[in-house]
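The values are calculated or read from the model by the stated rules, or taken from the named source; none is laboratory data. Model, not experiment: these values are computed from the prediction. With ideal geometry, Cβ positions are generated from the backbone for all residues, glycine too; neighbour counts draw on all protein chains shown. Note: areas computed on protein heavy atoms with side chains; ligands, DNA, RNA excluded. Shrake-Rupley method; radii C 1.70, N 1.55, O 1.52, S 1.80 Å.
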Amino acid sequence: MEQRAFQEELAAIGFEHCWGCGVANEHGLRIKTYWSPDDEQEAICVWQPQPYHIAAPGIVSGGIIATLIDCHSAATAVASAYRAEGRPISAENPHVYVTAQLDVTYLRATPSAGPLTLRARVVEAGGRRSHVTCSLYAASGEECARGDVILARAGSRWSGARSDAPAT
């Protein structure tokens with residue numbers, strides 16, 4: 001069976017509008033996060049920038065990079081919390097995390113040619129917080145940016161979720 005992106009699972013329970021990762025946001029980045037087939041603790045995302053995502057010819061905007069790191073890290077935190085409980089992403093007692101702190105270190109200009117790869121992992125989780133590290137790589141494999149993200153659990157009932165979302 002083919003693995004579904006974390007964002008597709010979240011959309012099924014009403015979390016679908018985020019500009020960075022929402023599957024229902026036609027103007028958004030629509031990233032897709034999956035568990036790595038090579039490392040079960042790492043989440044990956046492969047994303048292709050478009051000409052309108054640039055800051056200068058051939059260079060991806062730093063704001064786009066920060067959004068990619070933020071959304072990929074949040075999806076990783078959510079999926080990790082569900083996995084720690086041994087259950088799939090579902091509407092029952094949903095895990096929703098919001099960014100409490102986002103630190104991005106830009107290591108070099110990120111070329112817009114070819115797909116970008118993000119790799120994230122939860123380095124610490126407990127209580128209502130999750131700490132995720134994320135690196136962004138150019139198509140050449142060169143690391144271009146690194147993020148350190150602290151996410152806070154939003155509570156048992158997120159106001160953005162659809163009340164009619166089906167349980168999965």
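In the stretch 60-78 there is at least one residue that is over 15 Å from the mean Cα position of the chain (by Cα), in contact (Cβ under 8 Å) with a residue 12 or more places away in the chain and farther than 28 Å from I13 by Cα.
Kindly provide the set of residues from the stretch 23-50 that are β-branched (V, I, T) and open to solvent by 80 Å² or more (accessible area, probe 1.4 Å), ordered by number.
V46
Screening the stretch 124-168 for residues that are assigned to a loop (DSSP other than H, G, I, E, B) and at pLDDT 95 or above and picking the one that is nearest to V96 (Cα to Cα) gives A138. Scanning the stretch 1-20 for residues that are in a loop (DSSP other than H, G, I, E, B) and either open to solvent by 30 Å² or more (accessible area, probe 1.4 Å) or among the acidic types (D, E) (or both) returns M1, E2, Q3, R4, F15, E16, H17, C18, W19. Taking first residues from the stretch 18-39 that are farther than 10 Å from Q7 by Cβ and partners that are modelled with pLDDT of 90 or more and of a type in the set (S, T, N, Q), the Cβ contacts under 7 Å between residues at least 6 apart in sequence or on separate chains come to L29/T67.
Residue pairs whose Cβ atoms lie under 7 Å apart, separated by 6 or more positions or on different chains, with the first residue in the stretch 1-15 and at negative phi and among the small types (G, A, S) and the second open to solvent by 10 Å² or more (accessible area, probe 1.4 Å) and at pLDDT 85 or above, are A5/K32; A5/Y34; A11/V23; A11/A24. Put simply, of A120, A100 the only residue that is modelled with pLDDT of 95 or more and under 17 Å from E9 (Cβ atoms) is A120. For G58, the test of being on the phi > 0 side of the Ramachandran plot, open to solvent by less than 40 Å² (accessible area, probe 1.4 Å) and small (G, A, S) is passed. Every listed requirement among (1) over 13 Å from the mean Cα position of the chain (by Cα); (2) surrounded by 20 or more Cβ atoms within 10 Å (Cβ to Cβ) is met by C134 save one, (1). For the stretch 108-119, the criterion of being assigned to a helix (DSSP H, G or I) and either charged (D, E, K, R) or more than 17 Å from the chain's Cα centre (by Cα) (or both) is satisfied by no residue at all.
The set of residues from the stretch 56-90 being closer than 20 Å to N25 by Cβ, in a loop (DSSP other than H, G, I, E, B) and of a type outside the set (S, T, N, Q) comprises just one member, I89.
Condition (residue is surrounded by fewer than 22 Cβ atoms within 10 Å (Cβ to Cβ), at negative phi and not basic (K, R)) applied to the stretch 114-121: is it met by at least one residue? Within the stretch 114-121 (the criterion being surrounded by fewer than 22 Cβ atoms within 10 Å (Cβ to Cβ), at negative phi and not basic (K, R)), the answer is yes, since at least one residue qualifies.
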